[in-house]
Amino acid sequence: MTREDIPIVADEDVVRVRQVVRSYAQRAKLSLVDQTKLVTATSELARNTLTYGGGGSAVVELLGEGRRQGVRASFRDDGPGIPDITLALTDGWTSGQGMGLGLSGARRLVDEFDLDTAVGRGTTVTVTKWSR
Ligand SMILES: Nc1ncnc2c1ncn2[C@@H]1O[C@H](COP(=O)(O)OP(=O)(O)OP(=O)(O)O)[C@@H](O)[C@H]1O
Ligand SMILES: [Mg+2]
């Protein structure tokens with residue numbers, strides 16, 4: 001199996017995302033440090049999907065591109081969307097009770113980061129990490 005679809009509707013689904021991402025990161029032969037970076041990033045994104053998106057789903061994929069392998073994880077919700085992306089990606093900015101470090105931290109921990117959001121429509125965040 002090279003692709004897994006995980007609903008995110010409750011706390012335990014965040015744990016499930018962590019487990020699946022860890023397993024895929026091992027299969028992609030990411031270093032232990034990079035595995036942990038990706039697990040940390042995806043854990044933050046799954047938490048945001050639950051807290052701000054009102055739930056959604058994750059898709060975790062194993063990628064193969066020539067000699068390198070990677071893992072891509074995408075988090076989608078049909079929640080309120082993010083009105084100001086720059087603000088949301090600013091270290092320390094939160095609209096709630098958080099630390100405001102989830103999105104900005106996640107971006108720093110991965111190789112590719114894509115944020116697609118529309119107010120009233122929802123949010124999709126996609127991150128990728130490659131073996132090197
Ligand atoms: N999926 C989402 N849907 C709507 N808004 C979001 C979503 N993800 C993030 N946001 C907005 O972006 C802000 C910044 O997110 P970020 O994860 O960086 O911080 P936080 O969740 O508030 O705190 P932390 O993750 O450090 O506990 C959030 O406070 C929220 O307003
Ligand atoms: Mg967060």
- [ ] Enumerate the calculated ³J(HN,Hα) couplings along segment 121-130 in order (Karplus 6.51 cos²θ - 1.76 cosθ + 1.60, θ = phi - 60°), each rounded to whole Hz, writing x wherever the residue is Gly or Pro.
- [x] 10, x, 9, 10, 10, 10, 10, 9, 10, 10
TODO: Enumerate the calculated ³J(HN,Hα) couplings along segment 85-102 in order (Karplus 6.51 cos²θ - 1.76 cosθ + 1.60, θ = phi - 60°), each rounded to whole Hz, writing x wherever the residue is Gly or Pro.
DONE: 5, 4, 5, 4, 8, 7, 3, x, 8, 9, 8, x, 10, x, 8, x, 10, x
TODO: Quick one: compute the contact order of the chain, relative version, from alpha carbon pairs under 8 angstrom and 6+ residues apart, as a percent.
DONE: 27 percent
- [ ] Pull up all non-local amide H partners of residue 8: gap of 5 or more, or a different chain, and H-to-H distance under 5 Å with H placed in the peptide plane.
- [x] 56, 57, 58
Open item on the list: What number do you get for segment 59-105 when its Cα radius of gyration is normalised by 2.2 N^0.38 Å, N = residues?
Closed with: 1.57
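So which GluC sites (Glu not before Pro) in segment 1-83 pass both tests, a DSSP loop state and at most 14 other Cβ atoms within 10 Å of the Cβ? Walk me through the intermediate numbers first.
Numbers: sites: 4, 12, 44, 61, 65; in loops: none.
Here no loop site has a sparse enough neighbourhood.
Work out the P(r) tail for segment 3-130: percent of alpha carbon pairs separated by more than 24 Å, whole number. Please report the intermediate quantities before stating the final value.
Values: 1770 of 8128 pairs.
Result for the distance tail: 22 percent.
A short reminder: the numbers here are calculations on the coordinates, not readings from a lab. As the structure is a prediction and not an experimental result, all values here were calculated from the model. FYI the Cβ positions are ideal-geometry reconstructions off the backbone, even for glycines, and counts take in every protein chain you see.
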